[in-house]
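Q: Sharing a structure here in structure tokens format.
The values are calculated or read from the model by the stated rules, or taken from the named source; none is laboratory data. As the structure is a prediction and not an experimental result, all values here were calculated from the model. Cβ: placed from backbone, ideal geometry, glycine included. Neighbour counts: every protein chain shown. Only protein heavy atoms, including side chains, enter the accessible area calculation; ligands, DNA and RNA are left aside. Shrake-Rupley method; radii C 1.70, N 1.55, O 1.52, S 1.80 Å.
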Amino acid sequence: MMHKRRRRRTIRRSPFSYKGRSRTPGKSKSELAYWKERAYVAGNEAAAAAENFRRVSENPYHSEASMRGLYRQVNASWSRWYHSIKPLSWPVYYASAAKFSEGYRNHSKVYFDHRIWLPTDKTVAAIVTVMNEKDTILQVMEQLNRMPLHEIICVVNGSIDESFEMIRNQSDAIIVHYSQALGHDVGRAVGAKLADSDILLFLDGDFPVMSEHLLPFIEAVERGMDIALNNISPYIGIFANRDYVTMVKEFVNRSMLRADLEANSLTAVPHAMRKEAARLIGYGNLAVPPKAQVIAIEQGMSICAPASVDVISKNRIRSRNVGPRNAVSDMIIGDHIEALKTAMDRRSSRLSFPDQIRNRQIIKL
């Protein structure tokens with residue numbers, strides 16, 4: 001029991017944890033060294049097969065757009081090699097990706113500036129909602145710029161600070177600007193509809209997430225999942241200490257026969273989904289995340305929670321989200337009531353709780 005308590009405290013302090021993969025670097029140090037060596041050779045060979053990389057990168061007048069294309073080319077080479085081997089634990093993945101870059105750089109003489117390669121050759125869009133985030137938005141963009149993304153879409157709405165100018169001056173992201181506040185999650189729906197990528201990655205502009213911590217969500221979709229949720233379960237504690245929002249999240253999942261999802265919900269970022277899944281759910285429905293999740297479950301979509309990012313302790317304190325009953329919690333609870341109504345309309349008034357022992361027909365009113 002003491003071992004379990006120590007483990008729980010460790011998980012809750014950590015801002016990020018993995019699910020389904022060992023946190024130790026493979027079975028041994030020799031295995032780590034083996035994959036690093038193989039990745040270095042693969043990177044060197046990939047660079048030798050792409051001599052045009054050197055010609056473009058040596059041009060002092062090359063544009064940022066051309067370099068982004070070249071980074072995507074390197075990512076495609078990395079993805080092909082990675083998918084030709086067995087899945088690696090995440091620590092080994094990161095170390096191997098770094099050695100791949102080193103091997104590529106050794107041949108091409110191009111420095112990759114701490115970039116992290118994606119475990120997919122599909123196009124990926126990051127969708128970021130922004131409202132008065134001048135203190136954090138540049139850190140968010142810095143992490144996203146480390147990845148060879150196809151698109152970064154920032155939906156800036158209702159901002160009265162310098163968020164818009166900071167994004168415009170420090171990034172080539174697509175900026176969708178609304179002078180009025182759109183409200184919670186509407187920006188995600190807007191970004192999803194505008195995106196032209198295979199995989200959609202959703203974040204908020206109020207706190208940065210390391211690029212490495214976003215990869216498990218992308219890989220889950222790459223490997224066939226329709227939706228990859230943030231597994232917040234390690235951070236919410238025992239049932240007796242949970243708030244109403246957490247309880248209603250878990251109740252909706254259990255009502256949909258997805259108790260395995262616990263309290264995990266599209267309400268929490270980061271999460272990822274297939275673009276086609278977003279289309280089938282309906283872009284408008286993404287503005288009410290639990291409703292979108294119910295529709296996805298009802299349509300038989302595959303949903304998992306591959307990794308944990310602590311968005312609870314890092315949640316930005318605002319006037320509307322303080323206290324046991326506040327405007328944000330009431331809104332989220334209302335969203336889940338709307339989700340339950342959607343589920344009852346699609347199934348029955350009793351959802352997954354059939355009435356098997358009562359003969360209602362014996363009494364005629």
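Q: Quick check on segment 184-203. Is at least one of its residues over 24 Å from Met301 (Cβ atoms) and assigned to a loop (DSSP other than H, G, I, E, B)?
A: Taking every residue of segment 184-203 in turn, none turns out to be over 24 Å from Met301 (Cβ atoms) and assigned to a loop (DSSP other than H, G, I, E, B).
Q: Identify, by number, the condition in (1) aliphatic (A, V, I, L, M); (2) crowded, with 21+ Cβ neighbours inside 10 Å; (3) more than 16 Å from Ile312 (Cα to Cα) that Ile232 doesn't meet.
A: (3)
Q: For segment 174-181, indicate whether the set of residues that are part of a loop (DSSP other than H, G, I, E, B) and buried (at least 18 other Cβ atoms within 10 Å of the Cβ) is non-empty.
A: Scanning segment 174-181, I find no residue that is part of a loop (DSSP other than H, G, I, E, B) and buried (at least 18 other Cβ atoms within 10 Å of the Cβ), so the answer is no.
Q: Also, quick follow-up: List the helices (runs of 4 or more DSSP H) inside segment 1-99, counting only whole elements, that have at least 1 residues being at pLDDT 90 or above, within 21 Å of the chain's Cα centre (by Cα) and within 27 Å of Ile303 (Cα to Cα).
A: Because the criterion is at least 1 residues that are at pLDDT 90 or above, within 21 Å of the chain's Cα centre (by Cα) and within 27 Å of Ile303 (Cα to Cα), the helices (runs of 4 or more DSSP H) in segment 1-99 that meet it are 64-83.
Q: Okay, moving on. Looking only at residues in segment 331-346 that are open to solvent by 90 Å² or more (accessible area, probe 1.4 Å) and charged (D, E, K, R), which one is modelled with the highest pLDDT?
A: By that ranking, first place goes to Lys341.
Q: Right, something else. Given the condition of a type in the set (Lys, Arg) and over 27 Å from Asn326 (Cα atoms), answer yes or no: does some residue in segment 232-248 qualify?
A: No, because not a single residue in segment 232-248 is of a type in the set (Lys, Arg) and over 27 Å from Asn326 (Cα atoms).
Q: Is there any pair with a first residue in segment 240-267 that is over 18 Å from Glu338 (Cβ atoms) and touching a residue at least 60 places away in the same chain (Cβ under 8 Å) and a second that is part of a loop (DSSP other than H, G, I, E, B) and open to solvent by 20 Å² or more (accessible area, probe 1.4 Å) whose Cβ atoms are under 6 Å apart and which are 6 or more apart or on different chains, and what are they?
A: Pairs found: Leu257/Ser352.
Q: On to the next question. Of all residues in segment 136-161, which are part of a loop (DSSP other than H, G, I, E, B), open to solvent by less than 20 Å² (accessible area, probe 1.4 Å) and without any contact (Cβ under 8 Å) to a residue 60 or more places away in the chain?
A: Answer for segment 136-161, where residues must be part of a loop (DSSP other than H, G, I, E, B), open to solvent by less than 20 Å² (accessible area, probe 1.4 Å) and without any contact (Cβ under 8 Å) to a residue 60 or more places away in the chain: Leu149, Gly158.
Q: State which residue is nearest to the chain's Cα centre (by Cα) when the search covers only segment 198-213 and only residues that are open to solvent by less than 30 Å² (accessible area, probe 1.4 Å) and either closer than 16 Å to Arg115 by Cβ or aliphatic (A, V, I, L, M) (or both).
A: Filtering first and then ranking leaves Leu201.
Q: Tell me yes or no: at least one residue of segment 80-93 is within 30 Å of Gly191 (Cα to Cα), in contact with a helix residue (DSSP H, G or I) (Cβ under 6 Å, 6 or more places away or on another chain) and either hydroxyl-bearing (Ser, Thr, Tyr) or open to solvent by 10 Å² or more (accessible area, probe 1.4 Å) (or both).
A: No, every residue in segment 80-93 fails to be within 30 Å of Gly191 (Cα to Cα), in contact with a helix residue (DSSP H, G or I) (Cβ under 6 Å, 6 or more places away or on another chain) and either hydroxyl-bearing (Ser, Thr, Tyr) or open to solvent by 10 Å² or more (accessible area, probe 1.4 Å) (or both).
Q: Here's a follow-up. For segment 103-145, enumerate the residues that are at pLDDT below 95 and small (Gly, Ala, Ser).
A: Ser108
Q: I need the full set of residues from segment 250-304 which are open to solvent by 40 Å² or more (accessible area, probe 1.4 Å) and either among the acidic types (Asp, Glu) or closer than 12 Å to Asn230 by Cβ (or both), in order please.
A: Matches in segment 250-304: Asp260, Glu262, Glu276, Glu298.
Q: Which of the residues belonging to segment 142-156 are under 17 Å from Ala195 (Cβ atoms) and in contact with a helix residue (DSSP H, G or I) (Cβ under 6 Å, 6 or more places away or on another chain)?
A: Hits for segment 142-156 are Met147, Pro148, Ile152, Ile153, Cys154, Val155, Val156.
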